[in-house]
Structures are given as C-alpha cells and as structure tokens.
Amino acid sequence: MHAMATAADLAGPYQLGGDARQTPGFLVNYYTTKGEMFRSLGNMCRSMLQGPKSGPDSGKVAAGMSKVQADMEDLDKSLPQLSVMVFGVLISPAPDRAGRMSRLLVTKRERDDLIHQISTSFKRLDAKDGSYAVSAGTVLWEYLARKGYRCADEPAS
C-alpha cells in the first residue's frame with residue numbers, strides 16, 4: 001500500500017499539456033482509490049479475525065469483502081486504457097515530416113530501460129489469460145518495442 005501512496009504522490013504534481021494533461025490525475029485517482037479499497041479490505045479482514053462479537057455481523061462483512069473485491073476488479077479494467085494514456089505522454093507533440101506523431105520524448109537508452117523494466121516486472125506478457133495489470137504492461141511493451149516509434153536521440157527518417 002505504501003508503494004501506491006508513493007506512486008500517487010509522484011504523479012500528482014506533473015502538469016502536462018494537450019491530450020495528456022489529465023493523465024497524472026487519472027493515475028492519482030486510480031492509486032488513491034485502489035489504496036482505499038485495500039485499506040477497507042484490511043479492516044474487514046481484521047474484523048473477521050477478531051471472531052464473533054457484538055457489532056458487525058460476519059455475513060455482512062463477508063458480503064462487503066466480496067463487493068470490494070468486485071469493485072477492485074472493475075477498477076483494474078481501466079489499467080490497459082491508462083497504459084495507453086501513459087504511452088501518449090511519451091510521444092513528442094511535434095509531428096514528423098509526414099505529419100505523423102512518430103517520435104518519442106525519451107532516448108533510446110531510456111526506452112530500452114523501460115522495455116527491460118516491463119519485461120522483468122511482468123514475466124508472462126504473452127499470457128492470454130493475464131490480469132488487467134499484465135494487459136497494461138503488454139500494451140506499453142508493444143508500443144515501446146514493436147510499433148516503430150523513433151526515440152529522441154535517433155535521426156529522423
């Protein structure tokens with residue numbers, strides 16, 4: 001949960017222009033909401049572990065846990081779309097000679113580092129039944145590794 005709070009804190013102050021201006025806010029909202037859901041689940045687990053007592057009915061707590069877990073899965077469905085938005089932040093706003101947005105703002109080394117981090121963080125990017133997080137990692141990896149975007153330090157074509 002600490003990692004989520006740190007990620008939200010890091011994304012919050014960024015001010016981006018154009019289509020990307022909402023991306024940091026979406027990331028902060030995702031991590032904040034996910035953190036609140038984990039906190040809620042933790043409280044429910046503590047309540048269940050304390051055993052029967054006067055107060056919340058364990059059946060209600062169990063139902064609440066199921067609802068939070070379903071809400072977490074619904075929230076995670078946004079991860080692939082968020083990964084596309086994150087990739088969009090890496091694209092240079094200046095079109096190439098053909099008028100396409102084909103250049104990244106990162107250097108070849110930075111792009112290769114991102115590809116390596118994604119590859120090592122998500123062991124099975126090719127998993128057909130992967131989680132939404134794996135799908136998001138796959139989207140980023142595909143755009144960075146296979147789509148042919150030129151890096152900031154590569155010559156124009």
- According to a simple spin-label model (label point 7 Å from Cα along Cα-to-Cβ), what is the distance in nm between V89 and T32? 1.6 nm
- Of all trypsin sites (Lys or Arg not before Pro) in segment 78-130, the ones in DSSP coil with at most 12 other Cβ atoms within 10 Å are R97, R100, K123, R124, K128
- Item | Debye intensity ratio in log₁₀ form over the Cα atoms of segment 68-143, taken at each q of 0.13, 0.23 Å⁻¹ | -0.47, -1.06
- Query: Rounded to the nearest 0.05, what FRET efficiency is calculated for E73 and R100 with R0 set to 35 Å and r the Cβ-Cβ distance?
  - Reply: 0.45
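Only the coordinates and a few stated rules stand behind these numbers; no lab work does. Nothing here was measured: the structure is a model prediction, and the numbers come from that model. Every residue, glycine as well, gets a Cβ built from its backbone with ideal geometry; the counts of neighbours run over all protein chains shown.
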